[in-house]
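K.L.:
Attaching a single structure in structure tokens format; questions to follow.
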Amino acid sequence: MAMTDAERLRSYLGELIPSGGSASDTLFSEDQIDDLLDRHGTPEDARREGWEWKAAALATLVTTTEASSTRKLSDAHRAALNQLERFGGPGSSLSGGRTQIHRIERDF
């Protein structure tokens, strides 16, 4: 069975709805997924902004240590930023940026 655009976008974002679950079990509501798709047209075009939203949602998580147990929740934010970089987020090498022109100098 073919995936819907919403399912494909959720897959790109690592936010598939678990079997027997609902959108509330993920970081994105159905309305948020629909909004991304409405504004961007395709899951491929919507995933960059989706990763921006996900990075923002995970930015407040911190690493916690209790007794001998450590939960590196800040790693989730770092991973989201890595994905954003991969899809051309702001400041990435893929985002276009400004054109730079340099003079070529030859050694004779």
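Bear in mind that the values in this text are calculations on the coordinates, not laboratory data. Everything numeric in this text was worked out from a predicted model, so none of it was measured. Here the Cβ is made from the backbone with ideal geometry for all residues, glycine too, and neighbour counts use every protein chain on show.
K.L.:
Using θ = phi - 60° and the Karplus curve 6.51 cos²θ - 1.76 cosθ + 1.60, what whole-Hz ³J(HN,Hα) does each residue of region 74-82 get, with Gly and Pro shown as x?
P.N.:
5, 5, 5, 5, 4, 5, 5, 5, 5
K.L.:
Using the beta-carbon distance between Arg39 and Met1 and R0 = 25 Å, what value does 1/(1 + (r/R0)^6) give for FRET efficiency, to the nearest 0.05?
P.N.:
With a Förster radius of 25 Å, E is 0.40.
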